[in-house]
1. For segment 11-29, state whether one or more residues are open to solvent by 80 Å² or more (accessible area, probe 1.4 Å), at pLDDT below 90 and of a type in the set (Ser, Thr, Tyr).
2. For the structure I just gave you, tell me whether residue 83 is among the hydrophobic types (A, V, I, L, M, F, W, C), free of Cβ contacts under 8 Å to residues at least 60 places away in the same chain and not in a helix (DSSP H, G or I).
3. Pick from segment 72-113 the residues that are basic (Lys, Arg) and modelled with pLDDT of 85 or more: which of them is most open to solvent (accessible area, probe 1.4 Å)?
4. Please specify each residue of segment 20-44 satisfying the condition of being among the small types (Gly, Ala, Ser) and under 20 Å from the mean Cα position of the chain (by Cα).
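The values are calculated or read from the model by the stated rules, or taken from the named source; none is laboratory data. As the structure is a prediction and not an experimental result, all values here were calculated from the model. Cβ placement follows ideal geometry from the backbone for every residue including glycine, while neighbour counts extend to all protein chains displayed. Note: accessible area is taken over every heavy atom of the protein model, side chains too, but ligands, DNA and RNA are not part of it. Shrake-Rupley method; radii C 1.70, N 1.55, O 1.52, S 1.80 Å.
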Amino acid sequence: MYIGNFMLLILNLPLIGMWVRVLKVPTHSLSPHPPFLLRGAYANNNSLAELNVMIFFGFVGYLMKKTGFEPAPLVMAYILCPFLEEAFRQSLIKSHGDFAIFVTRPLSAAILAWPWRLSS
């Protein structure tokens with residue numbers, strides 16, 4: 001780590017002026033352009049399905065921006081949902097399909113009850 005930080009110091013000190021110029025580039029010129037996005041989405045796996053998913057979520061993101069919704073919770077839900085579904089399925093398998101495991105176990109009952117305590 002020390003060697004790496006020392007090398008970064010040696011490399012970055014002469015380049016400070018260049019980094020300042022990079023920060024002055026207008027943000028609109030750094031934004032991705034649709035033709036490149038479409039090519040990249042298709043080139044990932046040569047799949048039109050992925051292209052359609054990208055177009056759909058681009059449209060959803062545009063609508064969310066216009067209506068004032070934050071896109072970060074949607075992105076996190078899209079990423080975490082498969083893991084949560086698998087954990088939910090494993091819990092039901094362990095309890096032989098009994099949903100009571102989510103309220104009879106102390107930790108899961110506390111997690112389920114926690115948001116409602118804040119609102120009251």
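1. yes
2. On the way: among the hydrophobic types (A, V, I, L, M, F, W, C): yes; free of Cβ contacts under 8 Å to residues at least 60 places away in the same chain: yes; not in a helix (DSSP H, G or I): no.
The answer is no for residue 83.
3. Our first condition is that a residue be basic (Lys, Arg); within segment 72-113, this holds for 89, 94, 105.
Now drop any that are not modelled with pLDDT of 85 or more, which leaves 89, 94.
Details: 89: 132, 94: 169 Å².
Filtering segment 72-113 for residues that are basic (Lys, Arg) and modelled with pLDDT of 85 or more, the one most open to solvent (accessible area, probe 1.4 Å) comes out as 94.
4. Of segment 20-44, the ones among the small types (Gly, Ala, Ser) are 29, 31, 40-41, 43.
31, 40, 41 - these are the residues of segment 20-44 that are among the small types (Gly, Ala, Ser) and under 20 Å from the mean Cα position of the chain (by Cα).
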